[in-house]
Structures are given as structure tokens and as C-alpha cells.
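Asker: Just passing along the structure, written as C-alpha cells.
The values are calculated or read from the model by the stated rules, or taken from the named source; none is laboratory data. Here the structure is a predicted model, which means the values were calculated and not measured. Quick reminder, even Gly has a Cβ in these numbers, built from the backbone with ideal geometry, and neighbours come from all protein chains shown. All accessible areas refer to the heavy atoms of the entire protein, side chains included, with ligands and DNA or RNA removed. Shrake-Rupley method; radii C 1.70, N 1.55, O 1.52, S 1.80 Å.
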Amino acid sequence: MKKFLVDVICVLIGNAILAFGYAVFALPANLIVGGATGIGLICENFTGLSHTSVVFIFNVLMLMAGLIFLGRAFVAGTILSTFAFPIFLEVFENLEPLQNITQDILLSTIYAGICIGLGIGIVFRRGYSTGGMDVPPLIINKKTGLSIAMLMNVCDSFILILQLFFSSLEGILYGLVMVFITNYVLDKVLFIGEKNIQVLVISSQYQEISEIILKEIDRGCTYVEVTTGYLKQPQKAVLSVISSRQYPHVNELILQIDPTAFIISSDIHSVNGRGFTLPSINL
């Protein structure tokens with residue numbers, strides 16, 4: 001129940017921030033947008049229907065398609081976004097003070113990208129979808145195995161192209177900047193607080209190195225069987241995952257043991273297991 005309530009609150013907050021970005025910054029500045037909102041703007045321009053109504057209808061249709069092709073679990077996790085986003089969008093658009101926050105198109109572009117990326121990221125972090133244009137790529141992926149990211153880019157690109165008929169070239173350029181900021185913020189939100197370093201150490205003194213990581217850093221190690229390229233000798237390498245703050249200390253300790261150690265490090269953004277998502281062994 002506690003997790004369910006947290007999920008509901010996060011999905012509502014995420015959709016509120018997402019709708020705020022569209023209603024207060026993107027739409028007043030006439031920025032081109034993708035997703036269900038972009039479809040709503042296209043329909044409004046050619047048919048006169050309210051884009052908020054189109055967004056609601058489109059989200060309901062996509063929800064039904066998700067139920068048919070993706071199952072009940074998908075619908076349960078997305079239904080709240082389907083109804084919450086159009087409601088928040090309508091509310092923010094009818095609050096007059098919010099429509100005059102800034103007349104600067106560059107500020108509108110920046111803050112629209114930040115709000116949209118932040119809102120989507122909050123919903124995605126809870127394992128749910130914002131509905132709408134998330135659904136077709138998921139269905140096509142299930143049927144064909146094509147990349148979801150590639151399919152989403154194709155769908156959004158198609159929506160943006162259709163808006164060229166009633167958008168200025170300057171609006172298009174600002175819209176592209178907004179999309180870039182949105183994707184950047186979304187990526188950061190999805191992996192916030194989860195940046196760690198994976199270290200692979202190849203050294204003949206692998207035992208001493210693994211011991212110092214276990215005792216001094218309190219991180220686990222794994223031995224990896226390798227074969228040296230020059231001498232063709234079998235050897236063990238030490239693999240460990242540490243926090244970014246611990247990396248300088250670990251690097252210094254390794255070089256104190258073996259100044260010639262070959263150290264490979266890389267950023268990773270998600271770690272599950274003992275010492276990260278589970279308690280340390282000594283607890």
C-alpha cells in the first residue's frame with residue numbers, strides 16, 4: 001500500500017510538471033512539440049477542435065490499444081497518466097497569471113525542456129508510462145522486435161514534420177532546442193543518484209588488490225579469468241563497482257600495491273545487489 005501511494009503521488013507530480021511545461025512555456029511560445037500534445041495541436045490547427053480534448057481522446061484510444069496488445073499490467077500503470085495529464089493541462093492553460101510568466105522565447109524553450117524532461121523522468125522512474133505516444137512504439141516493438149528508442153524518435157519526428165505547415169522556421173529551431181533539453185534532463189532524472197564506477201584491474205597482485213578493496217573500501221570484488229595478450233598467460237583480473245567519490249582513493253591504493261597495474265574504469269548508472277540495493281554482508 002505504501003509503494004502504491006508513493007507511485008500515485010509521483011505519477012501525479014510528474015504529470016503536473018509535464019503539463020506545466022507545455023501549458024506555461026511551450027504552447028504560449030508556439031514551440032513545436034511531439035507526443036500526444038503535438039497531435040492535439042495538429043488537429044486543432046486543421047479541424048478547430050481543442051487540443052486538450054484531442055489529447056484526452058487520443059490517450060484513451062492508446063490506453064485501449066495498450067490493454068489489447070500489452071496487457072492489464074500496462075494499463076494499470078498508465079491509466080492515471082492518461083486522465084491526469086489532460087486535466088492538469090486544462091487547469092494550467094486557464095490560469096491567466098501563468099500565461100504571462102515570460103515573453104522571452106529562449107527562456108520558454110529552456111524551461112519547457114526542463115519541465116517536460118523532469119515530468120516524464122519522474123513517471124518513468126516509478127516504472128510507469130505517460131501514455132499517449134509511448135504506446136505505438138511499445139506495440140510495434142512487441143510485434144517486430146525493433147528498438148523502442150528508434151520507434152519513438154520516428155513517431156516524434158513525424159509529428160514534428162506535420163507541424164511545419166503552421167509553424168515558423170524560428171519556432172522549429174527553438175523546438176529542436178527544446179527537444180534536446182528534454183532528452184538531456186530526462187536522461188539525468190532517470191539516473192540521478194545512481195552514478196557509480198566500474199573498475200577492472202589486471203595485475204599479477206590481484207589478491208592483494210582485492211583484499212584492499214574489501215577491507216579499505218568495503219566493496220565486493222569478483223575475479224575474472226583473462227589471458228594476457230603479450231605472454232599469453234592465464235591470469236585473474238579484479239572487477240569491482242564503487243562510488244564515484246571512492247574512485248580516486250581506490251586508484252591510489254591499487255597503484256601503491258602495483259604501480260604497473262592496468263586499470264580500466266567506466267561510468268555505470270544502475271547497480272543492484274549487496275552493498276547497493278541490499279545491505280552489506282557485515283550488517
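Asker: Can you name the condition, by its number, that Val33 falls short on among (1) more than 23 Å from Gly113 (Cα to Cα); (2) open to solvent by less than 30 Å² (accessible area, probe 1.4 Å); (3) part of a loop (DSSP other than H, G, I, E, B)?
Answerer: Val33 satisfies every listed condition except (1).
Asker: List pairs: first in the stretch 167-185 and in contact (Cβ under 8 Å) with a residue 12 or more places away in the chain, second outside any helix (DSSP H, G or I) and open to solvent by 50 Å² or more (accessible area, probe 1.4 Å), Cβ under 8 Å, 6+ apart or cross-chain?
Answerer: Ser167/Asn30; Ser168/Asn30; Gly171/Asn30
Residues checked against (1) closer than 21 Å to Asp156 by Cβ; (2) touching a Ser or Thr at 6+ places or on another chain (Cβ under 6 Å); (3) without any contact (Cβ under 8 Å) to a residue 60 or more places away in the chain:
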residue	(1), (2), (3)
Asp7	no, no, no
Asn15	yes, yes, no
Phe25	yes, yes, no
Phe46	yes, no, yes
Thr52	yes, no, yes
Val60	yes, no, yes
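Asker: If a residue has to be closer than 16 Å to Leu214 by Cβ, in a helix (DSSP H, G or I) and either more than 34 Å from the chain's Cα centre (by Cα) or of a type in the set (A, V, I, L, M, F, W, C) (or both) to count, how many in the stretch 227-255 make the cut?
Answerer: Residues in the stretch 227-255 being closer than 16 Å to Leu214 by Cβ, in a helix (DSSP H, G or I) and either more than 34 Å from the chain's Cα centre (by Cα) or of a type in the set (A, V, I, L, M, F, W, C) (or both): 3 in total.
Asker: Looking only at the stretch 98-133, filter to residues that are in a helix (DSSP H, G or I) and modelled with pLDDT under 80; which one of those is least open to solvent (accessible area, probe 1.4 Å)?
Answerer: Looking at the filtered set, the residue picked out is Gly132.
Asker: Specify the residue that is surrounded by the most Cβ atoms within 10 Å (Cβ to Cβ); the eligible residues are those in the stretch 36-48 that are at pLDDT 80 or above and touching a His at 6+ places or on another chain (Cβ under 8 Å).
Answerer: Gly40
Asker: Does the stretch 39-50 contain any residue that is more than 18 Å from Met178 (Cβ to Cβ), among the hydroxyl-bearing types (Ser, Thr, Tyr) and under 21 Å from the mean Cα position of the chain (by Cα)?
Answerer: no
Asker: Residues that are open to solvent by 20 Å² or more (accessible area, probe 1.4 Å), out of contact with any strand residue (DSSP E or B) (no Cβ under 9 Å at 6 or more places or on another chain) and assigned to a loop (DSSP other than H, G, I, E, B): does the stretch 79-95 have at least one?
Answerer: Checked the stretch 79-95: at least one residue is open to solvent by 20 Å² or more (accessible area, probe 1.4 Å), out of contact with any strand residue (DSSP E or B) (no Cβ under 9 Å at 6 or more places or on another chain) and assigned to a loop (DSSP other than H, G, I, E, B).
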